[in-house]
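Let me begin by presenting the structure, written as structure tokens, before commenting on it.
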Amino acid sequence: MATVTQQPPPPRAPSPSPPPAPVPRVKPARRRGRRTPYLLLLPGLLWLVVFFVLPVAYQASTSVQTGSLEEGYEVTWHFATYGDALSAYWPQFVRSVLYAASATVLCLVLGYPLAYLIAFRAGRWRNLIMILVIAPFFAGFLIRTLAWKTILADGGYVVGALDALHVLDVTSWLGWTAGDRVLATPLAVVCGLTYTFLPFMILPLYTSLERIDPRLHEAANDLYAGPATTFRRVTLPLSMPGVVSGTLLTFIPATGDYINADLLGSTDTRMIGNVIQTQFLRVLDYPTAAALSFLLMAAILCAVTVHIRTSGTEDLV
Amino acid sequence: MTTGPTDPRPPPKGTTRMEQYEPDRPSPTRAAAVRRGLRDGRAAPSRRSLLRAGAGGALAFGGLGALSACGIPPAGHTQGGVPAEDHSEKEKRVAFSNWTEYMDVDDSGRGHPTLDAFTGRTGIEVTYTEDINDNTEFFGKIKPQLAAGQDTGRDLVVLTDWLAARLIRLGWVQKLDPSHLPHAYANLSPQFRSPDWDPGRAYSYPWQGIAAVIAYNRKALDGVEVRTLSDLLDNPELKGRVGLLTEMRDTMGLVLLDMEKDPERFTADDYDAGIARLQKAVDKGQVRRFTGNDYTSDLSRGDFAACVAWAGDIVQLKADNPDIGFLIPDSGYMMSSDNLLIPNKARHKTNAERLIDYYFEPRPAAELAAHINFVCPVDGVRDELARIDEDAADDPLILPDKDMQAKSRAFRSLSAEEETACEAKFAKLTGA
């Protein structure tokens, strides 16, 4: 905000000490006021401590324990678990990031025009389209993913049409699908992720696009900017906060998702979320599962930091 | 902001050149307000400082001392289970946790006739909850309470044999009192009498038997002949259209049988050979997915041409879709069971035992078998079942005949280390 600091300082607000003489009752009132924001924060902080800090600390401890269910687990600072977990499951890590990134890009490509349409062109249809965007949330997540299995079934119309148009030849040459099926392939998992998280992309995009004053477009027009230049120099930069928060809201949960890979995928599309689930529940290797969770957290934090730094919108976080 | 004047001055000249345009620049009024807020210290703490404080707090909280105090106490010091005071006499109740769709229902879909009859006869109110969906998940749910020696709030649970074996091994279930179980003792089918994980049925009684067989969709097979598990794993015409179960013992048991190994007496080498055999099929892309209960929709839709399946499901699927069929490989099939267990500290042990015994009387057992179509573990129900449903009484998947019983095999019980190793190898095979 360079322009703000250039302004001459405004008249000083009265500072707490020494107080201006003629207002004696200000001081106690202000002291109470100082505590209020913290008191208001207390419920939220307590919530965070109980449901975020404590579980994270507990899992951190689990990740460096050794033992078995029979003999109990003890903290032995066995950090090798992290190395072992990473060397055993790095393909699933890479795959998760790859799938989540692809889904995020797809969401952006699909979501941006739609958000643009709702913000600038929808007119009286705006609310209806917004409801349609949110509507999938009214049905269960699992039900919607299972519905995709019916839609993409081997003998179904979608696969039949794609096959007839030779689209599947191309995708299977690229390794996205296998033979003449779509289900149980990487393509199905990425499409499932895209579908699941699309609203999380559209909503922040819409909010930031909607805030743009249409007169700016007129002004750009007046300054001889064509539609493409207007978009590139005015609309896109102004919508960057929406793009960044949309990509974060899509990428982060998509990386850890396991339902899509479980229901729409196969053995070679398992993501890191599946590994963590299996290690926790089936193999009962709690330390490895906890270590994997932390590695996932670290990976996401790194990716997000890089993303925010490069897109230059630190103010968001 | 109650103090200080507002700042209505116009923006200074010369700062609004086009290149410097910033959309988020606050109005002078707002900027002044922000500065005032920052200076007199009354503004709420900024998000950044809060985040920093939060992170610091988290680090302090999860500090080294706290971390090392976490550990999980060993289980298994309570062989024989921990009884609670038995409130059966005073409280005529029993809390029964079961899997979904594992009980007879009346036409309204809400009542359970056999349970109602039990209450009518004994006056014991049954709190029936269908809160078990998955063995592993349910174990995760009750583990903290049982490990801490607390009441789970359940008097009777139904768990698959390997998990039942684990709970017995950990000492988390109570020994049954044979004097409360006369029918159960007399009518238990020989096939289920003495599993190696609970010799003589000291802790458990079977609820239903589950046969793992091979199922197929005739339409999806399209003339391909299937006789053994090898056909599923090797036939290139079935590539990507074969389903296997995530239940390690059922899938690996059938693989071992197919390799002419005995699942009741296999060695670690046999198991590894089985894993290698399966890995080859997975690498070829033969196996489409490893599934839980959700294989039924893949099979009836035809996405699976053939798969490993549970017999009880097949009886029901066949009724809905005539293309569905099943086959018993010559090498045999895997038989497991879901078992009734009384967790430690359950408050109504005697009531729970009476409920177990009740389901080993021929009549309720037949009603149950007619409704849920799994393998009935009770002897002498044929006449009762024929009275309700002639076809069910003749179905070898519900009442196995001599031939079927001879082909049935169980997976041997595993020690804790073996179990972890086997599950880890199998998990690796399924992709995670």
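Quick notes on this structure:
- For region B:376-427, residues that are free of Cβ contacts under 8 Å to residues at least 12 places away in the same chain, part of a helix (DSSP H, G or I) and not aliphatic (A, V, I, L, M) total 7.
- Residues that are assigned to a loop (DSSP other than H, G, I, E, B) and either within 30 Å of the chain's Cα centre (by Cα) or on the phi < 0 side of the Ramachandran plot (or both), drawn from region A:51-96: A:Val64, A:Leu69, A:Glu70, A:Glu71, A:Thr76, A:His78, A:Phe79
- Of all residues in region B:223-235, those satisfying the criterion of being over 11 Å from B:Val287 (Cα atoms) and assigned to a helix (DSSP H, G or I) are B:Leu229, B:Ser230, B:Asp231.
- Summed over region B:407-427, residues that are over 20 Å from B:Asp196 (Cα atoms) and within 8 Å of chain A (Cβ to nearest Cβ) total 2.
- Residue in region A:235-246 that is more than 8 Å from chain B (Cβ to nearest Cβ), open to solvent by 30 Å² or more (accessible area, probe 1.4 Å) and among the β-branched types (Val, Ile, Thr) present: no
- Here region B:240-264 is the region considered, the condition is being of a type in the set (A, V, I, L, M, F, W, C) and over 21 Å from B:Asn217 (Cβ atoms), and the residue that is nearest to the other protein chains (Cβ to nearest Cβ) is B:Met248.
- Of all the listed residues (A:Val243, A:Val158), the sole one being within 24 Å of B:Arg288 (Cβ to Cβ) and β-branched (Val, Ile, Thr) is A:Val158.
- Unique residue being under 22 Å from A:Thr185 (Cβ atoms), among the hydrophobic types (A, V, I, L, M, F, W, C) and open to solvent by 80 Å² or more (accessible area, probe 1.4 Å) when the list is A:Leu110, A:Leu128, A:Leu132, A:Leu106: A:Leu110
- Positions within region A:268-286 being under 26 Å from B:Arg166 (Cβ atoms) and open to solvent by less than 20 Å² (accessible area, probe 1.4 Å), in sequence order: A:Gly273, A:Asn274, A:Val275, A:Thr278, A:Gln279, A:Val283, A:Tyr286
- Only listed residue being in a helix (DSSP H, G or I), of a type in the set (Gly, Ala, Ser) and crowded, with 20+ Cβ neighbours inside 10 Å, chosen from A:Gly192, A:Gly160: A:Gly192
- Of all residues in region A:122-144 being modelled with pLDDT of 90 or more and of a type outside the set (A, V, I, L, M, F, W, C), the one that is farthest from A:Arg215 (Cα to Cα): A:Arg144
One line per residue, one yes/no per condition, for (1) open to solvent by less than 50 Å² (accessible area, probe 1.4 Å); (2) more than 14 Å from chain B (Cβ to nearest Cβ):
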residue: A:Leu54; (1), (2): no, no
residue: A:Ala60; (1), (2): yes, no
residue: A:Glu71; (1), (2): no, no
residue: A:Leu86; (1), (2): no, yes
residue: A:Tyr89; (1), (2): yes, no
residue: A:Val97; (1), (2): no, yes
residue: A:Ala101; (1), (2): yes, yes
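- Per-region count, region B:280-301, residues under 25 Å from the mean Cα position of the chain (by Cα) and over 20 Å from B:Glu419 (Cβ atoms): 14
- Pick from region B:265-300, criterion in contact with a helix residue (DSSP H, G or I) (Cβ under 8 Å, 6 or more places away or on another chain), among the acidic types (Asp, Glu) and away from chain A (no Cβ under 11 Å), ranking: most open to solvent (accessible area, probe 1.4 Å): B:Asp272
- Region B:301-334, residues that are among the small types (Gly, Ala, Ser) and open to solvent by 30 Å² or more (accessible area, probe 1.4 Å): B:Ala319, B:Ser331
- Among the residues making up region A:154-212, those that are β-branched (Val, Ile, Thr) and in contact with a Gly (Cβ under 8 Å, 6 or more places away or on another chain) are A:Thr185, A:Val189, A:Ile202, A:Thr207.
- Which listed residue is of a type in the set (D, E, K, R) and buried (at least 23 other Cβ atoms within 10 Å of the Cβ), from B:Glu260, B:Glu225, B:Glu247, B:Glu237: B:Glu247
- Criterion (over 13 Å from the mean Cα position of the chain (by Cα) and at pLDDT below 90) met by exactly one of B:Ala117, B:Ala147, B:Ala95: B:Ala147
- Unmet criterion (only one of (1) within 14 Å of chain A (Cβ to nearest Cβ); (2) open to solvent by 40 Å² or more (accessible area, probe 1.4 Å)) for B:Ile142: (2)
The values are calculated or read from the model by the stated rules, or taken from the named source; none is laboratory data. Keep in mind it's a predicted model, so treat the numbers as computed, not measured. No Cβ is skipped: glycine too gets one built from the backbone with ideal geometry, and neighbour counts run over all protein chains shown. We work out accessible area using only protein heavy atoms, side chains counted, and drop any ligands, DNA or RNA first. Shrake-Rupley method; radii C 1.70, N 1.55, O 1.52, S 1.80 Å.
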